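Take a look at the structure below.
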């Protein structure tokens with residue numbers, strides 16, 4: 001009888017230890033998703049701060065392109081609102097609009113040689129392009145962390161611990177088809 005009790009206690013200790021390991025791994029994954037999002041958020045904030053400078057520089061040269069400039073600023077506001085709400089899906093949607101607007105702005109700027117030659121414009125364009133590339137890189141890391149988290153909370157036996165402690169699925173950061181589509185440059189100059 002004593003041996004059975006020791007075996008039962010040993011088995012219980014192993015199961016509790018395994019559950020603790022699973023729980024700690026799930027906590028680690030949840031924080032990896034949060035950290036990956038924070039990395040994106042830092043870059044979004046930096047770009048958010050650079051866009052008004054770019055628009056102001058462009059306004060000096062692009063008197064007839066007000067709609068393009070306003071499109072960028074509306075999209076910037078939409079990204080800011082979505083970020084403030086912590087809505088990853090809305091950030092993806094707003095980002096698509098902003099990227100399209102920036103693509104249009106840089107394409108229209110080609111028609112203004114003085115603007116293209118402006119040192120401030122060149123610096124801001126390079127800075128924003130660099131931030132765009134960094135955001136795309138961080139988006140990959142974020143989506144990988146989200147995917148890893150979501151797979152683990154659906155796998156057995158992890159799902160038992162995930163359900164017991166309310167670990168939820170995270171949302172991928174996806175951009176719309178508009179971001180992937182080519183910019184129709186001819187329409188920008190007509």
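Kindly evaluate residue 81 against the criterion of being surrounded by 14 or more Cβ atoms within 10 Å (Cβ to Cβ), at negative phi and either outside any helix (DSSP H, G or I) or modelled with pLDDT of 90 or more (or both). The answer is no for residue 81.
Exactly one condition in (1) surrounded by fewer than 17 Cβ atoms within 10 Å (Cβ to Cβ); (2) over 30 Å from residue 166 (Cα atoms); (3) in contact (Cβ under 8 Å) with a residue 12 or more places away in the chain is false for residue 75; which is it? Failing condition for residue 75: (1).
Residue 19 meets each of the listed conditions (1) in a helix (DSSP H, G or I); (2) under 28 Å from residue 133 (Cβ atoms) apart from (2). Within the stretch 43-67, take every residue that is part of a helix (DSSP H, G or I) and farther than 20 Å from residue 123 by Cα and give me the one that is modelled with the lowest pLDDT. Out of the qualifying residues, it is 66.
Screening 19, 4 for residues that are touching a residue at least 40 places away in the same chain (Cβ under 8 Å) and over 30 Å from residue 173 (Cβ atoms) leaves exactly one candidate, 19. For the stretch 51-60, a residue qualifies if it is in contact with a helix residue (DSSP H, G or I) (Cβ under 6 Å, 6 or more places away or on another chain) and surrounded by fewer than 18 Cβ atoms within 10 Å (Cβ to Cβ), and exactly one does: 53. Answer yes or no: is there a residue in the stretch 6-22 that is surrounded by fewer than 12 Cβ atoms within 10 Å (Cβ to Cβ), within 29 Å of the chain's Cα centre (by Cα) and within 30 Å of residue 158 (Cβ to Cβ). Checked against the condition, which is being surrounded by fewer than 12 Cβ atoms within 10 Å (Cβ to Cβ), within 29 Å of the chain's Cα centre (by Cα) and within 30 Å of residue 158 (Cβ to Cβ), the stretch 6-22 yields no hits at all. For first residues located in the stretch 147-158 and without any contact (Cβ under 8 Å) to a residue 24 or more places away in the chain and on the phi < 0 side of the Ramachandran plot, partners that are part of a loop (DSSP other than H, G, I, E, B) and surrounded by 11 or more Cβ atoms within 10 Å (Cβ to Cβ) and lie 6+ apart or on another chain with Cβ distances below 7 Å form the pairs 150/169; 150/170.
Assess whether residue 94 counts as being without any contact (Cβ under 8 Å) to a residue 24 or more places away in the chain, closer than 29 Å to residue 166 by Cβ and surrounded by 19 or more Cβ atoms within 10 Å (Cβ to Cβ). Yes: the conditions hold for residue 94. The set of residues in the stretch 104-139 that are part of a loop (DSSP other than H, G, I, E, B) and either surrounded by fewer than 14 Cβ atoms within 10 Å (Cβ to Cβ) or without any contact (Cβ under 8 Å) to a residue 24 or more places away in the chain (or both) contains only 110.
The values are calculated or read from the model by the stated rules, or taken from the named source; none is laboratory data. Small disclaimer: the values here were computed from a predicted structure and weren't measured. In this analysis, Cβ positions are derived from the backbone assuming ideal geometry, glycine residues included, and neighbour counts consider all displayed protein chains.
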